[in-house]
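Student: Structure incoming, see below.
Here, each number is a calculation from the coordinates, and none is a lab measurement. Here the structure is a predicted model, which means the values were calculated and not measured. Here the Cβ positions follow ideal geometry from the backbone for every residue, glycine too, while neighbour counts run over all protein chains shown.
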């Protein structure tokens, strides 16, 4: 199978990858870190190895930012911390830095998939700061998801109120 994949130009899974791809999940690019941990970009998300050695996929819609420089892919994941009338309230985690041995197409694929998941983004001033309102495509699903990421110090109640209003307005738009 390896020869067939190479002849067709399809990326292979790196050595040591133990994750289970979904039936409809396609490998787009793969690499290993300098420590030998597999990194795999697929049609559904980015696979990395957690500190305990287990593989984990993060959907493209949950990667807020990814940058590439000096051999390191820095990935900022978002975690959902709440919900307001269908809007996902998220917070960014500290960047995870993946120093890649031979990056191949991983940086390009990650950048393309993260940016490609964004349908619209807008920053709105709110009491105490502001918030980003981002509509994103979720891999493998129809429609878009409204994510709201508040700036530090922003009034939580105001964020929830405005997020609910925006989500309701989006829900009333014709498809």
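Student: Starting from the Cα gyration tensor of region 99-175, take the square roots of the eigenvalues, sort them a ≥ b ≥ c, and report rounded, prolate or oblate (rounded when a/c is under 1.5, otherwise prolate if a/b is larger than b/c, else oblate).
Tutor: Here region 99-175 falls in the oblate category.
Student: Sticking with this one: Have a look at 117, 64, 54 and tell me which one the Gaussian network model of the chain (Cα, springs below 10 Å) gives the largest fluctuation.
Tutor: The residue that fluctuates most here is 54.
Student: Given the -39500 (n - 2.57) contribution per DSSP H run of 4+ residues, what per-residue ellipticity at 222 nm results for the chain, rounded to the nearest 500 deg cm²/dmol?
Tutor: -6500 deg cm²/dmol
Student: Relative to the longest principal axis of the C-alpha atoms of the chain, give the angle of the C-alpha long axis of helix 156-172, reported between 0 and 90° and rounded to the nearest 10°.
Tutor: Taking the Cα atoms of the chain, the angle to 156-172 is about 80 degrees.
Student: What is the fewest-to-most order of 52, 35, 92 by other Cβ atoms lying within 10 Å of their Cβ?
Tutor: Details: 52 6, 35 9, 92 14.
Placing the least packed residue first, the sequence is 52, 35, 92.
Student: Can you tell me how much longer the chain between residue 115 and residue 26 gets when fully stretched, taken as 0.36 nm per residue apart minus their C-alpha distance, in nm with one decimal?
Tutor: Residue separation times 0.36 nm, minus the Cα-Cα distance, leaves 30.2 nm.
Student: Using only alpha-carbon positions, what ratio does the radius of gyration of region 61-111 give when scaled by 2.2 N^0.38 Å? Could the numbers behind the result be given before it?
Tutor: Numbers: Rg = 13.5 Å, N = 51, 2.2 N^0.38 = 9.8 Å.
Normalised by 2.2 N^0.38 Å, the Cα Rg of region 61-111 equals 1.37.
Student: Efficiency by 1/(1 + (r/R0)^6): what FRET value for residue 164 and residue 54, r their Cβ-Cβ distance, R0 = 35 Å, to the nearest 0.05?
Tutor: 0.45
Student: Sticking with this one: Once the cut-off is 24 Å, how many percent of the Cα-Cα pairs in region 1-114 end up in the long-distance tail?
Tutor: 25 percent
Student: If I model a spin label at residue 105 and residue 92 as a point 7 Å from the Cα along the Cα→Cβ vector, what separation in nanometres do I get?
Tutor: The answer from the label model is 2.8 nm.
Student: Out of every Cα-Cα pair in region 46-175, what percent are more than 19 Å apart?
Tutor: Counting every Cα pair in region 46-175, those more than 19 Å apart make up 53 percent.
Student: Can you give me the angle between helix 106-117 and the longest principal axis of the chain, using Cα atoms only, in degrees from 0 to 90, rounded to the nearest 10?
Tutor: 30 degrees
Student: I'd like the distance between the alpha-carbon centres of region 117-175 and region 12-75, rounded to an integer number of Å.
Tutor: Rounded to whole Å, the Cα centres lie 27 Å apart.
Student: Let me ask you something else. Residues in region 61-91, backbone N under 12 Å from the label point at residue 141 (7 Å along the Cα-to-beta-carbon vector): list them, ranges by number please.
Tutor: Answer for this model: 61-62, 80, 86-89.
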